[in-house]
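Comments concern the structure below.
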Amino acid sequence: MSLQNTLKALADPTRREILGMLKKSRLSAGEIAAQFTMSAPAVSKHLNILKEADMVRDCREGKFIYYELNASVLEEVMLWIAELKGEAHEERIPDTVFSDYGDPSDDLHTAGSVT
């Protein structure tokens, strides 16, 4: 994945709209182009930029080309942003949360015992 290509692809509102359309289902180039007032070659250019960024995959079936979303690239970008923000990959309770209360498993052994 080239982060530069991915961010370039996401920078354009038309390409973001195409990604939103593909989130719902795979579509042919003609079905995508029908949603816009721009020319078919202009839509094709947007689709090529999304392909270069590996954000969409295309598959030829007969005389039609179908496009589908490749969400794995978006997941990689989200992980990179989370790392940039300093967020952990996994949620976990810090060890210090129970330090003032002792070991919580000790309560399980003494609960119900008569002293």
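What the table shows:
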item	result
Count of the stretch 17-40 residues which are basic (Lys, Arg) and surrounded by fewer than 14 Cβ atoms within 10 Å (Cβ to Cβ)	2
Hits in the stretch 41-90 (condition: open to solvent by 90 Å² or more (accessible area, probe 1.4 Å), in a strand (DSSP E or B) and within 17 Å of Leu19 (Cβ to Cβ))	Arg57
Any pair with Cβ under 6 angstrom, 6 or more apart, that starts in the stretch 27-40 at a residue that is among the aliphatic types (A, V, I, L, M) and ends at one that is part of a helix (DSSP H, G or I) and open to solvent by 30 Å² or more (accessible area, probe 1.4 Å)	Ala33/Ala40
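The values are calculated or read from the model by the stated rules, or taken from the named source; none is laboratory data. As the structure is a prediction and not an experimental result, all values here were calculated from the model. Here the Cβ is made from the backbone with ideal geometry for all residues, glycine too, and neighbour counts use every protein chain on show. The accessibility values were calculated without ligands, DNA or RNA, using every heavy atom of the protein model including side chains. Shrake-Rupley method; radii C 1.70, N 1.55, O 1.52, S 1.80 Å.
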